Amino acid sequence: MQQMNADTIKCPNSEHANDVKLICFNESCKANRLYCIQCMKDGTHISHPQNQQELPMLFEFIEKTEKECNDWMTSLNQQMDLAQQSFYFLLEGIRSKYQKTKEQFLNLNSKQMNSFFVEIIQFKSVQQTIKDQIENSIKELQNQMEKLTYGLKLSELNYCSISDSNIQKSEELYKKGYQLYWNDDNYKEAIKMFDQALIFNSTHQLSLQCKAQSLKMLGQYNEAIIWIDKALQVDPKHCNSLYCKAESLRMLGQFNEAIIWADKALEIDPKHCSSLFCKGTILTQLRMFNEAMLVIEQSLSINPNNFDSLWSKGLCLQQQNQFKDAITFYEKALTIIPNHQWTKNRRDECLKALNNKSLFKFLKIY
């Protein structure tokens, strides 16, 4: 890969020994955009001198375009997220309207029972109609994406090939960054290493994902989402990346959208403990305690020592004023990470609540 540096960029004209000094911004120009002094002497670009700039302008233009492209892709992702959120609400509405247990049905009054029965009698016809509409809409969207890909000639790109040496260098830098991220908890330095890895291979998925994870650990959730979206462009089915987006959205308070992304991870790997923890915690925050407990228990059945799921179960119990049981799970979590201050604080809150409860009972007796 040729270095983007005025001292090393050679003129595209193989007969010229000079380095590139100038660039052409004329949209309709057919000549080489990067050219040397000899090209200029030969009369190249002479018809539109107003569009010529010195080489440093190229790097400014590339940087500006990269930012604009990131903003544009973020906007497109947001539009797709809105569609996914609408789809999630549709699924929740269908579940609420057509699914009831025997116990739930018996808790309805006679008028509600009749209405529910009328709806489920019509379920088959409604199911087919919605199925056809969704399939047609998805097919139309896929056709539009294919047309855009063809129109932009994205399948014909030939300047993104990466040399073996750059791939190897990128992997070496990623491993150094991962050491800083995973073993040393040095997220800022890890990000610097991941950035260096991405200079040599901009599509190194693990560097993109670990940079996003590091940003998340630093509390920079919006920035984390930007980088995790880049990782998902490389591998849309990477569970840890999907979880990272779900968890970042959870921390931003965007609970419904976070559940969508946690569910995407769980579609790929139903036993992905981190995504189960994330979904369970969101349900707790939404005060859907029964549903939350089912999801958290599922995670703990897979890995009884999953730290996040242990404190999440403690939180779910604490939110229901089951302080004694909550303390049990906070203590279990602290046997894994003894110095986790958040968990210590929640445990102490439960202990204080129990002490206050005992004191109240004592005062009530006397």
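Quick notes
- Unique match (being part of a helix (DSSP H, G or I), farther than 21 Å from LYS230 by Cβ and not small (Gly, Ala, Ser)) among GLU189, GLU146: GLU146
- Within the range 34-49, the residues that satisfy the criterion of being surrounded by 18 or more Cβ atoms within 10 Å (Cβ to Cβ) and in a loop (DSSP other than H, G, I, E, B) are CYS36, THR44, HIS45.
- Residue list for the range 295-327, restricted to those being without any contact (Cβ under 8 Å) to a residue 12 or more places away in the chain and part of a helix (DSSP H, G or I): SER301, ASP325
Residue-by-condition table, conditions (1) over 23 Å from SER248 (Cβ atoms); (2) exposed (fewer than 14 other Cβ atoms within 10 Å of the Cβ); (3) modelled with pLDDT of 95 or more:
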| residue | (1), (2), (3) |
| --- | --- |
| PHE277 | no, no, yes |
| GLY280 | no, no, yes |
| LEU310 | no, no, yes |
| GLN341 | no, yes, yes |
| LEU363 | yes, yes, no |
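- Contact map, the range 190-204: residues that are without any contact (Cβ under 8 Å) to a residue 24 or more places away in the chain paired with residues that are not polar (S, T, N, Q), Cβ distance under 6 Å, separation 6+ or inter-chain. Pairs shown: MET193/LEU173; MET193/LYS176; MET193/GLY177; PHE194/GLY177; PHE194/CYS210; PHE194/LYS211; GLN196/LEU173.
- Condition check for ASN306: in contact with a Ser or Thr (Cβ under 7 Å, 6 or more places away or on another chain) and surrounded by fewer than 23 Cβ atoms within 10 Å (Cβ to Cβ): yes
- Residue check, ASN26 touching a His at 6+ places or on another chain (Cβ under 6 Å) and farther than 14 Å from ILE9 by Cα: yes
- From LEU242, LEU215, LEU173, LEU208, residue being touching an Asp or Glu at 6+ places or on another chain (Cβ under 7 Å) and part of a helix (DSSP H, G or I): LEU215
- Look at the range 121-140: where a residue is in contact (Cβ under 8 Å) with a residue 12 or more places away in the chain and within 19 Å of LYS100 (Cα to Cα) and a partner is assigned to a helix (DSSP H, G or I) and of a type in the set (Ser, Thr, Tyr), sitting 6+ places away or on another chain with Cβ atoms under 6 Å, you get PHE123/TYR98.
- Count - residues of the range 1-26 that are modelled with pLDDT of 75 or more and farther than 11 Å from GLU54 by Cα: 12
- With respect to (1) in a helix (DSSP H, G or I); (2) within 23 Å of LEU180 (Cβ to Cβ), the lone exception for THR203 is condition (1).
- All of (1) surrounded by 12 or more Cβ atoms within 10 Å (Cβ to Cβ); (2) among the hydroxyl-bearing types (Ser, Thr, Tyr); (3) at pLDDT below 90; (4) over 23 Å from the mean Cα position of the chain (by Cα) hold for THR74 with one exception: (4).
- Residue check for SER202: hydroxyl-bearing (Ser, Thr, Tyr) and either touching a strand residue (DSSP E or B) at 6+ places or on another chain (Cβ under 7 Å) or at pLDDT below 95 (or both): yes
- Index of the failed condition, TYR178 passing every other in (1) more than 20 Å from the chain's Cα centre (by Cα); (2) part of a helix (DSSP H, G or I): (1)
- Breaking point among (1) among the small types (Gly, Ala, Ser); (2) more than 27 Å from the chain's Cα centre (by Cα); (3) modelled with pLDDT under 90, for SER110: (3)
- Of everything in the range 270-289 that is within 15 Å of ASP308 (Cα to Cα) and in a loop (DSSP other than H, G, I, E, B), the residue that is nearest to the chain's Cα centre (by Cα) is HIS272.
The values are calculated or read from the model by the stated rules, or taken from the named source; none is laboratory data. Since this is a predicted model, take the numbers as computed values, not measurements. Here the Cβ is made from the backbone with ideal geometry for all residues, glycine too, and neighbour counts use every protein chain on show.
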